[in-house]
Amino acid sequence: MSLTLEQVKRIAHLARIEISDAEALTTQGHLNGIFQLIEEMQAVDTRGVEPMAHAQDVSQRLREDAVTEGDRRAAYQVVAPETEAGLYLVPKVIE
């Protein structure tokens, strides 16, 4: 796939980018180069290659999933301006 100069200008117009003819010509070359690279990458036979999450075979060290803080809900409810049934009441802002 390659873009024409008119397509590049239309894309710039849709993106609300002012672009000169020289800039459009340069951009056309860059975009067509990107599309060519994508076509080359899609042509590679990847059957039998498993997807990977990272380029290196590393694993993330995880911490133990344990509670580190106690329940302080009651203390927070005491200092709140208004509460009801364990919920914080706030002024209505949308009619």
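The values are calculated or read from the model by the stated rules, or taken from the named source; none is laboratory data. Bear in mind that the values here come from a model prediction, so they are computed numbers and not experimental data. When we count neighbours, we look across all protein chains shown, and the Cβ atoms used for this are built from the backbone with ideal geometry, even at glycine.
For the chain, which helices (runs of 4 or more DSSP H) that fit wholly inside it have 3 or more residues that are in contact with a helix residue (DSSP H, G or I) (Cβ under 9 Å, 6 or more places away or on another chain)?
It comes to 5-14, 21-42.
How do the pairs read when you match residues in region 1-19 that are over 25 Å from E40 (Cβ atoms) and touching a residue at least 24 places away in the same chain (Cβ under 8 Å) with residues anywhere that are among the small types (G, A, S) and part of a loop (DSSP other than H, G, I, E, B), using Cβ under 7 Å and keeping only pairs 6 or more apart or on different chains?
Listed pairs, sorted by first residue: none to list.
Would you say I94 is out of contact with any Lys or Arg (no Cβ under 6 Å at 6 or more places or on another chain), at pLDDT below 90 and not aromatic (F, W, Y)?
yes
From the list A43, A80, A85, A24, which one is at pLDDT 90 or above and in contact with a strand residue (DSSP E or B) (Cβ under 6 Å, 6 or more places away or on another chain)? Spell out how you get there, then give the answer.
Values: A43 fails: in contact with a strand residue (DSSP E or B) (Cβ under 6 Å, 6 or more places away or on another chain); A85 fails: in contact with a strand residue (DSSP E or B) (Cβ under 6 Å, 6 or more places away or on another chain); A24 fails: in contact with a strand residue (DSSP E or B) (Cβ under 6 Å, 6 or more places away or on another chain).
When all the criteria are applied, what remains is A80.
Write out, first by first residue and then by second, each pair whose Cβ atoms fall under 9 Å of each other, whose residues are 6+ apart or on separate chains, and whose first residue, in region 36-54, is within 17 Å of M1 (Cα to Cα) while the second is surrounded by 10 or more Cβ atoms within 10 Å (Cβ to Cβ) and of a type in the set (K, R).
Pairs found: none.
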